[in-house]
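Contents: one structure, followed by commentary.
The values are calculated or read from the model by the stated rules, or taken from the named source; none is laboratory data. The shown structure was predicted, so the numbers you read here are calculated from the model rather than taken from an experiment. We place every Cβ from the backbone using ideal geometry, glycine too, and count neighbours over all the protein chains shown.
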């Protein structure tokens with residue numbers, strides 16, 4: 001009986017990281033204010049058992065600039081507002097459910113520290129995963145939007161720029 005309990009405990013512990021990584025996440029999750037920073041939006045699975053066919057990432061208005069990376073086999077659409085600022089990026093293609101991939105955007109980060117959220121919709125044919133929830137402080141969202149924490153500029157880095 002002890003071996004069975006140990007195996008069950010190991011199975012639960014092994015499954016927990018997979019469940020935690022099941023949503024779309026931004027990598028890295030932290031970067032310095034004012035920097036040019038590539039951010040990869042990692043898609044860990046499809047919707048149910050369906051392949052991911054569309055990934056749409058909304059860009060926070062605080063972001064200074066956004067330049068998406070094209071992906072072979074995927075169509076890229078860039079949405080702009082009336083001032084030509086990028087407000088959303090959409091990739092269309094096919095990512096099988098049992099595979100993962102990363103979709104990259106190069107950002108010029110704002111000078112102010114804080115956390116920015118990227119509401120993201122993952123479409124798989126007729127199904128969707130809406131990774132759009134922005135949690136309140138101390139709250140844990142069930143479908144969290146990918147986020148990037150902007151840290152203050154390092155004092156040493158600022159002194160070398162002059």
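Counting only strands (runs of 3 or more DSSP E) that sit completely within segment 68-162, those holding 1 or more residues that are under 24 Å from residue 51 (Cβ atoms) correspond to 75-80, 86-95, 101-108, 120-124, 127-131. For the criterion of being at pLDDT below 95 and either in contact with a helix residue (DSSP H, G or I) (Cβ under 7 Å, 6 or more places away or on another chain) or buried (at least 16 other Cβ atoms within 10 Å of the Cβ) (or both), residue 93 fails.
Each residue in segment 46-60 was checked for being assigned to a loop (DSSP other than H, G, I, E, B), more than 15 Å from residue 146 (Cα to Cα) and within 17 Å of the chain's Cα centre (by Cα), and 1 pass. Go through the residues of segment 62-79 one by one and say whether even a single one is under 30 Å from residue 154 (Cα atoms) and either exposed (fewer than 13 other Cβ atoms within 10 Å of the Cβ) or modelled with pLDDT under 95 (or both). Yes.
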